[in-house]
C-alpha cells in the first residue's frame, strides 16, 4: 500500500518583489483566515509583517489592523 505524503508548511522570508524559501514545503497559511495557500498561488504578502494573505481583501484587512486610520 502506498502512503500519500502529508503536505508540508513552507517557511518563507518575504521580500520585494519576491520571497525566499527558508524551509521547503508546499504551502503557507493566510495570516488572516488561516487557510492554506499553495506556493504556486501565493501572490499577496507583507514584507513588513512577514506574513502571507490568500487575497487582496485579507491583505488590506491586515494592513489596516497594523495601520489604523487616524481620527
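The helix-only estimate of mean residue ellipticity at 222 nm for the chain, built from DSSP H runs of length n ≥ 4 each weighted as -39500 (n - 2.57), is -4500 deg cm²/dmol after division by the residue total. Pairs of Cα atoms nearer than 8 Å and 6+ residues apart set the relative contact order; for the stretch 14-71 it is 28 percent.
Rounded to whole Å, the principal axis extents of the Cα atoms in the chain read 62, 22, 14, largest first.
Structure remark: mean-square fluctuation, Gaussian network model of the chain, C-alpha springs under 10 Å; the largest value among 21, 37, 54 belongs to 21. Across the alpha-carbon atoms of the stretch 1-42, the computed radius of gyration and Dmax are 12.0, 44 angstrom.
Which of these, 59, 38, 49, has the largest mean-square fluctuation under a Gaussian network model of the chain (Cα springs below 10 Å)? Taking springs between Cα atoms under 10 Å, the residue moving most is 49.
Coordinate-derived values only; no laboratory data. Bear in mind that the values here come from a model prediction, so they are computed numbers and not experimental data.
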